[in-house]
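In what follows, a structure is listed as structure tokens, so that the remarks can point back to it.
The values are calculated or read from the model by the stated rules, or taken from the named source; none is laboratory data. Everything numeric here is computed off the predicted structure, so don't read it as measured data. Cβ coordinates were reconstructed from backbone atoms using ideal geometry, including for glycine residues, and neighbour counts include every protein chain displayed.
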Amino acid sequence: MTKAALLDELEQLSPRERLEIAYGLLDSVLHDESAPPLSDAQRHELRERLAHHRSVPDELGVTLDAIRRRLAG
């Protein structure tokens, strides 16, 4: 499966399911010894975002399309 096909599949999930996957991926990177280490600021930001998500789990996030538009613009 290509990355594009995988992203298309992921976009079909609910916002909550996508957030769960995103946090799972971030967590896997944190524990990957071959990955570059996170700075203290990055670690702090991730913890803040996770705490916010846990306190407001039904809040809608930003869609991948919105991120792509922002990056392209």
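Worth a mention:
- A Cβ distance below 8 Å, combined with a sequence gap of six or more or placement on separate chains, defines the contacts here; from region 44-67, residues that are without any contact (Cβ under 8 Å) to a residue 24 or more places away in the chain and within 17 Å of R18 (Cβ to Cβ) reach residues that are among the hydrophobic types (A, V, I, L, M, F, W, C) and not in a loop (DSSP other than H, G, I, E, B) in the pairs L46/L26; L46/L30.
- Failed criterion for I21 (all others in (1) assigned to a helix (DSSP H, G or I); (2) hydrophobic (A, V, I, L, M, F, W, C); (3) more than 12 Å from the chain's Cα centre (by Cα) hold): (3)
- Unmet criterion (only one of (1) surrounded by 10 or more Cβ atoms within 10 Å (Cβ to Cβ); (2) of a type outside the set (A, V, I, L, M); (3) part of a loop (DSSP other than H, G, I, E, B)) for D32: (1)
- Number of the condition not met by R54 [criteria: (1) within 15 Å of the chain's Cα centre (by Cα); (2) surrounded by 10 or more Cβ atoms within 10 Å (Cβ to Cβ); (3) among the charged types (D, E, K, R)]: (2)
- Test for L7: is it in contact with a helix residue (DSSP H, G or I) (Cβ under 7 Å, 6 or more places away or on another chain), free of Cβ contacts under 8 Å to residues at least 24 places away in the same chain and surrounded by 11 or more Cβ atoms within 10 Å (Cβ to Cβ): no
- Residues located in region 17-48, provided they are more than 20 Å from A4 (Cα to Cα), at pLDDT 90 or above and charged (D, E, K, R): D40, R43, E45, R47, E48
- When residues in region 1-18 are screened for being over 22 Å from E59 (Cβ atoms), of a type outside the set (S, T, Y) and not in a helix (DSSP H, G or I), 1 of them pass.
- Qualifying residue in region 37-44 (condition: assigned to a loop (DSSP other than H, G, I, E, B) and surrounded by 12 or more Cβ atoms within 10 Å (Cβ to Cβ)): yes
- Scanning region 3-20 for residues that are closer than 22 Å to R54 by Cα and aliphatic (A, V, I, L, M) returns L10, L13, L19.
- Qualifying residue in region 45-56 (condition: out of contact with any strand residue (DSSP E or B) (no Cβ under 7 Å at 6 or more places or on another chain) and in a loop (DSSP other than H, G, I, E, B)): yes
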